[in-house]
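Okay, structure first, notes after.
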Amino acid sequence: MKRLYTLILVFFSVTVLAQKSDVTSDSFIVTGLVKKELVFSLADIEKYTSNSISDVTITNHMGEPRGTATKLTGILVKDILKDLELQEQSPKLFSEFYLVFVAADNYKVVYSWNEIFNSPTGDNLYLITSRDGKMLKDMEERILTLTPTDFKTGRRHIKGLSKIIVERVD
Ligand SMILES: Nc1nc2c(c(=O)[nH]1)N[C@H]1C(S)=C(S)[C@@H](COP(=O)(O)O)O[C@H]1N2
Ligand SMILES: [Mo]
């Protein structure tokens, strides 16, 4: 019986560990208050021209360094979202919209429409296409975003991006 419990424990530990490193996505969808949903596969992402990005120190929410991302290339999220059309005619009201970036493990990060399309943050919000010498398809977490100008870069370092949901404040 004891052995059975050990077996069960080992099984669950392995499952949990496997899930932890399994924050991977091979495509992401842009959905919500949009005129037309957009889907991006790895192949679609690779069609865009990538720019090189300086090394980024990933700091956690305490500000402690967790590691450095090197040999980075990426595409600006605002460029990949250039065909995004909000369900709103008046550009003035675009300021009421925000985008929820959702990872495969349900980790979520919010960016306001203005932040991406009307502020310097938008010029620094990248979809990473290669990291540490690995191409997108060989990167463990695959679809990854980074905003190097953030103070604590870990928070909005989304691993395994799988969805962008466009929402609006009440
Ligand atoms: N998908 C996903 N991305 C995530 C997280 C998470 O739990 N899930 N945690 C975030 C937080 S709080 C931090 S500090 C960094 C840690 O990045 P690292 O794993 O490269 O050290 O990842 C961020 N991205
Ligand atoms: Mo964190």
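Read-outs throughout are calculated quantities, based only on the coordinates presented, and are distinct from any laboratory measurement. The model shown is predicted, which means the values in this text are computed figures rather than measured ones. Here Cβ is always computed from backbone atoms with ideal geometry, including for glycine, and neighbour counts include all displayed protein chains.
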Tilt, helix 2-20 to longest principal axis of the chain (alpha-carbon atoms), in degrees rounded to tens, equals 20
Connecting every pair of Cα atoms under 10 Å apart in the chain and solving the GNM, the largest mean-square fluctuation among Gly160, Gly67, Gly122 falls on Gly67
Toy charge model, Lys and Arg Cβ at +1, Asp and Glu Cβ at -1: the stretch 22-168 dipole around Cα centroid in debye, rounded to 20, equals 100
quick note, the stretch 22-168, DSSP beta bridge pairs, % antiparallel (nearest 5) is 85
Rounded to the nearest 500, the 222 nm mean residue ellipticity computed for the chain from DSSP H runs (n ≥ 4, each -39500 (n - 2.57)) alone is -5500 deg cm²/dmol
